[in-house]
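The values are calculated or read from the model by the stated rules, or taken from the named source; none is laboratory data. Everything numeric here is computed off the predicted structure, so don't read it as measured data. Quick reminder, even Gly has a Cβ in these numbers, built from the backbone with ideal geometry, and neighbours come from all protein chains shown.
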Amino acid sequence: MIKEPGLDARPKKIIADNKKREQKFNFCKAVLLDIFLVFYSLIVIQRAIYYKFILDIRDIPFAWSQIWIVLFISIIIGSLWAFTKTSLSCNLFGVAKDCKTTKLTTEIFGWVLFDITFIAGWIVTKISIVDLFSKDGIEGAQRIFGALFQPEMSIFDDVVFATIETIYLALIATLISIPFTLIISFFTARNLMKDNKISFAIYYILRIVLNFVRSIEPVIWAIIFSVWVGIGPYAGMIALLVHSIASNAKLYSEAIEGIEDGPVEAITATGANKIQVVWYGVVPQIILPFLSFTIYRWDINVRMATVIGLVGGGGIGTMLMQYQGLAKWHEVGLIVLVIAFVVWVMDYISAKIREAIY
């Protein structure tokens, strides 16, 4: 059989073109990240360190003109640095030159970035050892802790009921999130969605949406849904449900991206369609991680259910907020001890279940 000239060279050319395209895309991301890192460094040095620490200005005036100037300088410096291919971002995205200059600039800028972040964080949080060990502060802490460890047992029945409500709230949110998370996770796995431009666009859109949802804490979601459906456990359950879907979808998709390619390639070679490839090549490899992540999420939801109760999400958190607002520290002490016990038990049970799975 005579081979058509140049037939074997086509796959190599396609691979080379894809590699060049990926390198260009990574370089564009490196340029944007360099601009952001330079902008972040200049803003932190100017507003957090220079204004607040050196000039001791508490209320810093906001001026768009300054921001635009800093942004313009950042674009120039970040772009020039990225085009030299010796920047920290180029190193992160794998497009940096393999030379001593790259290593030196990466280490220096990395340490500078860490140092100014730590210094700015120290200044912004107003850390004070003097205030921590002041006489008045220690006396106040002794009064509160003394009351906390003398719990008021007359409200024990109400606390137990609120605790049960909290556990079920977290459980229902976790269970309902599972089917939604499973479906979304396959669409947010890069290795399953890189076949064509449409699927890749769906992957990026879903990633952006999930990152946005996950960046909003369950407490904020609880406030939103408390206004939407009213104060109570239903609002708290929906808040945990939304955040669980976004958070677990990331973990599930990363587990899918970490699977072995061999079974997938073997099933694809048999002529199986996309659904069959996923069901027989992907799912058997990810069942155990999925179960482990789900159990761990229930553990997290039990803890978060306590917090969202503080903003009207139902459960024991709402009860804690009521007694804390009335400064009834003996009652708060009982609630805190029950919460600590429940969290410990849940952590122990979830750990044992994960051990049994593996």
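Quick notes on this structure:
- Taking the listed residues A340, A327, A272, the one that is in the same structural domain as A222 (by TED's automatic domain parsing) and within 25 Å of Y252 (Cα to Cα) is A272, with no other qualifying.
- For the stretch 327-358, filtered to residues that are acidic (D, E) and at pLDDT below 80, the residue that is surrounded by the most Cβ atoms within 10 Å (Cβ to Cβ) is D347.
- Within the stretch 180-198, if we keep just the residues that are of a type in the set (S, T, N, Q) and either surrounded by 14 or more Cβ atoms within 10 Å (Cβ to Cβ) or at pLDDT 90 or above (or both), the residue that is nearest to V342 (Cα to Cα) turns out to be T181.
- For the stretch 169-179, the criterion of being at pLDDT 85 or above, surrounded by 13 or more Cβ atoms within 10 Å (Cβ to Cβ), touching a Lys or Arg at 6+ places or on another chain (Cβ under 7 Å) and part of a helix (DSSP H, G or I) is satisfied by at least one residue.
- Just so you know, in the stretch 139-168 the residues that are assigned by TED's automatic domain parsing to the domain that holds V338 and of a type in the set (D, E) include one that is surrounded by the fewest Cβ atoms within 10 Å (Cβ to Cβ), and it is D157.
- Subset of the stretch 82-100 that is more than 29 Å from the chain's Cα centre (by Cα) and in a helix (DSSP H, G or I) - its residue that is surrounded by the most Cβ atoms within 10 Å (Cβ to Cβ): F83
- Residue selected from the stretch 323-358 under the condition of a type outside the set (A, V, I, L, M) and not in a helix (DSSP H, G or I), by the criterion nearest to I295 (Cα to Cα): Y358
- Qualifying residue in the stretch 44-58 (condition: in a helix (DSSP H, G or I), among the β-branched types (V, I, T) and at pLDDT 85 or above): yes
- The condition of being assigned by TED's automatic domain parsing to the domain that holds I164, closer than 22 Å to S177 by Cβ and buried (at least 17 other Cβ atoms within 10 Å of the Cβ) holds for only one of G312, G258, G281, that being G312.
- Residue count for the stretch 68-119, restricted to those that are more than 20 Å from F27 (Cβ to Cβ) and either aromatic (F, W, Y) or without any contact (Cβ under 8 Å) to a residue 60 or more places away in the chain (or both): 14
- Among the residues here, L320 does not qualify as more than 20 Å from G230 (Cα to Cα), at pLDDT 80 or above and in a helix (DSSP H, G or I).
- Candidates in the stretch 59-93 are the residues that are farther than 26 Å from E107 by Cβ and small (G, A, S); of these, the one that is modelled with the lowest pLDDT is A63.
- Subset of the stretch 106-138 (residues that are farther than 18 Å from Q46 by Cα and surrounded by fewer than 10 Cβ atoms within 10 Å (Cβ to Cβ)): S128, I129, V130, F133, K135, D136
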